[in-house]
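Novice: The structure follows.
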Amino acid sequence: MQFQYAMIAPEPQLARWVNIFYVIETEAGRVEETIPAYSAQLLLVIRGQLTISYADGSEGRSATVTINAPQLRAAPCVMDGPVTLIGASLTPLGWQALSNLPVDDVHDRMVPAEALFMPEQLAMLVDAAAACRAGQIAPADLCAQLGAVIAAAPFASRPDHVAVVEAITSWLGSGFDPPLSDLHAAVAVSPRQLQRIARCYFGVPPAQVLKRSRAIRAAMLLANPALPDAMRAEMLTTYFDQAHLIRDMRRYTGRTPTQLRAPTIATGLLDPAGHGDAAALLRTTET
């Protein structure tokens, strides 16, 4: 399968809300993929149709402006192409700024764009997508339009919530299996408050956030042969055995370690550069 995948770093003023912008293009007529348990995604679909089948049996079909809420599990999808889409991978703070929806209540579904954007914002995005479809603007240039609506997000998180979310992200990036006690020592809230804030911004308590992050980072390591062997060995020691590794990777990435060797759109998305500070451990030691 032939596809093109490009990542565009957000401007510094957007870094709190956006992990990465990206462009995906394929001329294939139909592509069956699996979307890992990623953060919320804001998409402009220029060509084609994206259909996601979630774990609860529900299904989401893309519109020109598509918002995929945070996923707590991997989900199979079908791209009916040819496909061109431009996306923004939102951080937990970015999702809350746009939606003000707790992830433990709203996840693994598509949220109508009309529920999050003002009519004039939505019209601007639809018009920009139409211009791109007509060849008047390059796909990568649409990142500016996505960035504009994200920068105008109407909701502000409480400062104490921001501090906890940033502490969780730093904790995730501090090692492959950091002790929970390190996180408790880094926050100025009670364990009960920590659990509540983690559920709101990440969908699950901190221990489950780590489990998901660890599985996705393991997939990043196995999908990127340029990363050091010593790092892979360190990652593998965090799993009791191969069976536990495979189980978690299937749950959160929809793939086994062997399946990650095939070049697909999903494995392209496993570049550590696209996953914010929680993947900093992998980026800073790349060779």
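Novice: Pairs of Cα atoms under 8 Å, at least six residues apart: use those to get the relative contact order of the chain, whole percent.
Specialist: Values: 531 pairs, mean separation 59.1, N = 287.
Answer for the chain is 21 percent.
Novice: May I ask you to order 216-223, 94-101, 141-148 by the average number of other C-beta atoms within 10 Å around their residues, highest value first?
Specialist: Ranking, from highest mean packing down: 216-223, 94-101, 141-148.
Novice: Taking segment 172-249, which chymotrypsin sites (Phe, Trp or Tyr not before Pro) meet the DSSP loop condition and have no more than 10 other C-beta atoms within 10 Å? Kindly include the intermediate steps, with their values, before the conclusion.
Specialist: Working: sites: Phe176, Tyr201, Phe202, Tyr239, Phe240; in loops: Phe176, Tyr239, Phe240.
Answer by residue number: Phe240.
Novice: Continuing with the same structure: Answer rounded, prolate or oblate for segment 1-46, using the Cα gyration tensor with square roots of eigenvalues a ≥ b ≥ c: rounded when a/c is under 1.5, else prolate when a/b is larger than b/c, else oblate.
Specialist: Because a/c hits 1.5 or more and a/b exceeds b/c, segment 1-46 counts as prolate.
Novice: Taking R0 as 25 Å, what FRET efficiency do you get between Ala134 and Glu27 from their Cβ-Cβ distance, rounded to the nearest 0.05?
Specialist: So the FRET efficiency works out to roughly 0.85.
Novice: Checking the a/c ratio against 1.5 first, then a/b against b/c, what shape does the Cα gyration tensor give for the chain? Walk me through the numbers before you get to the answer.
Specialist: Values: a/c = 1.72, a/b = 1.22, b/c = 1.41.
Verdict is oblate for the chain.
Novice: Principal axes first, then extents: for the Cα atoms of segment 3-151, list largest minus smallest coordinate on each axis, whole Å, largest first.
Specialist: 40, 36, 27
Novice: Checking the a/c ratio against 1.5 first, then a/b against b/c, what shape does the Cα gyration tensor give for segment 105-220?
Specialist: Note, shape of segment 105-220 comes out prolate.
Novice: State the Cα centre-to-centre distance between segment 78-121 and segment 202-245 in whole Å.
Specialist: Cα centroid of segment 78-121 versus Cα centroid of segment 202-245: 26 Å apart.
Novice: For Asn19, enumerate residues with amide H under 5 Å from its amide H, sequence gap 5+ or separate chain, H modeled in the peptide plane.
Specialist: Amide H to amide H, under 5 Å and 5 or more residues apart or across chains, Asn19 pairs with Ser89, Leu90, Thr91.
Novice: Right, something else. Kindly point out which whole DSSP H helices in the chain project their C-alpha atoms 15 angstrom or further along the helix axis while averaging a Kyte-Doolittle hydropathy of 0.5 or above.
Specialist: 119-133, 159-172
Every number here is computed from the coordinates shown, using simple stated rules; none is lab data. None of these values were measured; they are calculated from a predicted model. Please note: Cβ atoms are built from the backbone with ideal geometry, for glycine as well, and neighbour counts cover all protein chains shown.
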